[in-house]
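Below: the structure, in structure tokens.
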Amino acid sequence: MSSIALPVVDGDDGLTKYLRDIRAFPILEIEEEFMLARRWIDYGDTEAAHRLVTSHLRLVAKIAIGYRHYGLPVADLISEGNIGLMRAVKKFDPERGFRLATYAMWWIRASLNEFVLNSWSLVKIGTLAAQKKLFFNLRRIKSRLHLLESGDLAPEDVATIARELSVSEHDVVAMNRRMAARDGSLNLQVGENGAEIQDLLADESDNQEIRYGQQEELTKGRALIQQALDRLGEREREIFVERRLRDDPATLEELGVRYGVSRERIRQIEVKAFEKVRSLVQAGFVPATA
């Protein structure tokens with residue numbers, strides 16, 4: 001899915017051309033969309049997935065452009081929205097009876113929301129649902145109340161916004177100031193000697209001795225794990241690696257099919273292998289196999 005080639009926006013100046021180019025991709029009828037989704041699910045047909053994605057690029061562009069008031073490049077917004085669209089196509093189940101556009105809107109907005117939050121500040125503005133809601137609704141409400149250029153909010157305006165969004169007045173004030181300040185560059189010069197802000201910051205990273213010790217521990221740990229894996233049977237080792245050491249672990253069902261046993265049997269083998277590895281590593285020494 002990640003290898004699908006899509007049109008790209010060449011900066012804000014290329015937005016008009018991009019919008020014109022994506023209009024060349026036809027909107028799918030219900031039956032065609034269902035058929036393509038089944039081909040992708042059943043056979044991993046990347047051409048079918050490509051058609052599902054490209055037919056909804058206009059939806060992404062429309063949603064992404066609505067986020068441009070956060071001061072981020074439209075090209076980046078559209079790219080992030082397209083990532084959300086591809087995630088939606090990957091997880092879309094046409095058997096549930098709704099259209100891909102309806103399902104994809106959530107994924108597109110979620111991708112854009114995360115991109116805006118991560119781009120707005122190197123320090124996370126908020127992780128709670130209420131804080132994210134406040135971030136994405138504060139500007140809209142301020143616009144409605146004609147307060148976009150007001151700086152600090154008046155107490156009565158703070159109370160109104162807090163009541164409407166079901167958050168504390170303190171959170172409204174803090175978020176408003178946070179959004180107004182943005183992040184400062186550590187490369188700003190201070191004084192007349194050419195020094196930058198970052199030159200005046202204390203280095204809080206671990207010293208060389210600590211880093212060396214940590215690297216030694218990591219190397220030792222990896223060696224112990226490898227020794228422990230060598231003590232496992234071939235099937236135990238393969239299942240342990242597939243389930244515990246892969247970035248994208250295999251499912252119990254996939255391994256059950258591979259080895260011709262039930263999912264429960266795979267789970268039992270995995271647990272047994274894990275206990276063996278853990279006990280051997282915790283012992284701190286694993287004798288070499290004969």
Quick one: how many residues across the stretch 55-75 are part of a helix (DSSP H, G or I) and surrounded by fewer than 16 Cβ atoms within 10 Å (Cβ to Cβ)? 5
Could you list, ordered by first residue, the pairs with Cβ atoms under 6 Å in which the first is in the stretch 255-268 and surrounded by 14 or more Cβ atoms within 10 Å (Cβ to Cβ) and the second is among the hydroxyl-bearing types (S, T, Y), at least 6 apart or interchain? G256/S262
Taking the stretch 94-109 as the region of interest, how many residues are in a helix (DSSP H, G or I) and modelled with pLDDT under 90? 1
For the subset of the stretch 127-174 comprising residues that are of a type in the set (S, T, Y) and assigned to a helix (DSSP H, G or I), which member is modelled with the lowest pLDDT? S143
Within the stretch 88-99, is even one residue surrounded by 15 or more Cβ atoms within 10 Å (Cβ to Cβ), under 30 Å from R139 (Cα atoms), assigned by TED's automatic domain parsing to the domain that holds L112 and not charged (D, E, K, R)? yes
Is at least one residue of the stretch 69-81 among the aliphatic types (A, V, I, L, M), farther than 30 Å from N137 by Cβ and free of Cβ contacts under 8 Å to residues at least 40 places away in the same chain? no
In the stretch 269-280, how many residues are surrounded by fewer than 16 Cβ atoms within 10 Å (Cβ to Cβ) and of a type in the set (A, V, I, L, M, F, W, C)? 2
Of A288, A223, A228, the only residue that is modelled with pLDDT under 70, of a type outside the set (K, R), farther than 30 Å from K132 by Cβ and not assigned by TED's automatic domain parsing to the domain that holds L134 is A288
Evaluation of I30 against (1) touching a Leu at 6+ places or on another chain (Cβ under 9 Å); (2) touching a residue at least 60 places away in the same chain (Cβ under 8 Å) (one fails), failing number: (1)
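The values are calculated or read from the model by the stated rules, or taken from the named source; none is laboratory data. Given the structure is predicted, the values throughout are model-derived calculations rather than measurements. Cβ atoms come from the backbone with ideal geometry, glycine included; neighbour counts cover every protein chain shown.
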